[in-house]
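The numbers here are math on the coordinates, done by the rules we state, and not lab data. As the structure is a prediction and not an experimental result, all values here were calculated from the model. Heads up, the Cβs are rebuilt from the backbone with ideal geometry, glycines too, and the neighbour counts pull from every protein chain shown.
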Amino acid sequence: MTTEFPFQNYHVPIIVRTLRVLEFLSEQPKGCGATEVASALDIPKNTAFRILTTLADHGYLARDNEGRTYRLERKLLNLGYAAIDEASLVEKSIDVLRNLRDLTGQSVFLAVRLEHQGVVIEQIPGLHPVKVMLQIGHRFPMHTSAPGKALLAYLPKTEQEELVKSLKYTVFTDRTIRNAKAMRRELSQVQQQGYAVDIAEEVEGLHCVSAPVLNHRGHALAAIWVGSLASIIPQTEFENLGAQVQEAALQISKRFGYEPPTKRCQTDPATPPTIHRK
């Protein structure tokens, strides 16, 4: 008889439960208590409490003053960074992100993909009195966001198609992409122009422009983007901002061994599309 995990007989039950608790809390940005965790995961409340307490005492969860609500702590990001081959991503990007902020005046963000979502790992506040800010660790849908599209567009074709077919196309506004067919068209457009946009597809009145950071294989390692109110970043500015974000992403990409099209050997037709410089 086959199972989902071929070595399931060797699993440690308490570790499996702990992983399930972490995964559940990752979807609860406001946090929750032991009773909610126990009910959602169908485990004893005492077990849930002990897991939550242990994780909190070791710095992986934050708890409120009354010890009733738990949420993920930033320490988990350190483990996430270690799982990325290019672990110095933030350090190699921070000066470029600041320069892009100074050039555009907009808030600038850096994100990576975590399975079917994107996650913010750095931000530089904009210079405008009214600015967009996101919490480090904030997760966002791939189909509604400019960085999500940029990340997907520059994945190997097989991996990209698997993700496109498995995404949950939740509708937020009347401009939200609603199915895999429309998503494929959008990604083709991103590949042609070299940058992705979010035209208030998740949050009304919010526009974003993003470009991918590529590794030495030409695959998406991360995405950077600028975001602000539609009144500050109108659609007429998308092309100009797209060129500026592309150039910044290219600077970071070179630090990870990426070579622009003029220097790369175009020998493999399966190689992911490269960034088109304006």
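Look through the range 36-49, keep the residues that are in a helix (DSSP H, G or I) and without any contact (Cβ under 8 Å) to a residue 12 or more places away in the chain, and return whichever of them is surrounded by the most Cβ atoms within 10 Å (Cβ to Cβ).
The first filter runs over the range 36-49 and keeps only residues in a helix (DSSP H, G or I), leaving 36-41, 45-49.
Now restrict to residues that are without any contact (Cβ under 8 Å) to a residue 12 or more places away in the chain: 36, 38-39, 45-46.
Working: E36: 17, A38: 19, S39: 13, K45: 14, N46: 10.
Checked the range 36-49; the qualifying residue surrounded by the most Cβ atoms within 10 Å (Cβ to Cβ) is A38.
Listed here are the residues, each with its yes/no results for (1) part of a helix (DSSP H, G or I); (2) over 21 Å from E239 (Cβ atoms).
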position: V130; (1), (2): no, yes
position: I136; (1), (2): no, yes
position: L155; (1), (2): no, yes
position: E161; (1), (2): yes, yes
position: V164; (1), (2): yes, yes
position: T176; (1), (2): no, yes
position: Q189; (1), (2): yes, no
position: D198; (1), (2): no, no
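Do we find a residue being surrounded by 11 or more Cβ atoms within 10 Å (Cβ to Cβ) and more than 25 Å from E66 (Cα to Cα) anywhere in the range 16-30?
yes
Yes/no matrix, rows are residues, columns are (1) without any contact (Cβ under 8 Å) to a residue 24 or more places away in the chain; (2) of a type in the set (D, E, K, R); (3) closer than 26 Å to I252 by Cα; (4) touching a Phe, Trp or Tyr at 6+ places or on another chain (Cβ under 7 Å):
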position	(1), (2), (3), (4)
V130	no, no, no, no
G137	no, no, yes, no
K149	no, yes, yes, no
A153	no, no, yes, no
Y169	no, no, no, no
G194	no, no, yes, no
V197	no, no, yes, yes
A211	no, no, yes, yes
W225	no, no, yes, yes
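Tally the residues that are crowded, with 21+ Cβ neighbours inside 10 Å and either over 18 Å from the mean Cα position of the chain (by Cα) or closer than 16 Å to F140 by Cα (or both), restricting the search to the range 195-210.
Residues in the range 195-210 being crowded, with 21+ Cβ neighbours inside 10 Å and either over 18 Å from the mean Cα position of the chain (by Cα) or closer than 16 Å to F140 by Cα (or both): 8 in total.
Across the range 1-35, which residue is nearest to H138 (Cα to Cα) among those that are in a helix (DSSP H, G or I) and aromatic (F, W, Y)?
F24
If I go through the range 227-245 residue by residue, how many of them are part of a strand (DSSP E or B) and in contact with a Lys or Arg (Cβ under 8 Å, 6 or more places away or on another chain)?
Final tally of qualifying residues: 1.
Please specify each residue of the range 64-79 satisfying the condition of being in contact with a Lys or Arg (Cβ under 8 Å, 6 or more places away or on another chain) and either outside any loop (DSSP other than H, G, I, E, B) or free of Cβ contacts under 8 Å to residues at least 24 places away in the same chain (or both).
Passing the criteria: Y70, R71.
With the requirement that a residue be within 28 Å of S107 (Cα to Cα) and either surrounded by fewer than 19 Cβ atoms within 10 Å (Cβ to Cβ) or of a type in the set (K, R) (or both), what does the range 141-162 give you?
K149 - this is the single residue of the range 141-162 that is within 28 Å of S107 (Cα to Cα) and either surrounded by fewer than 19 Cβ atoms within 10 Å (Cβ to Cβ) or of a type in the set (K, R) (or both).
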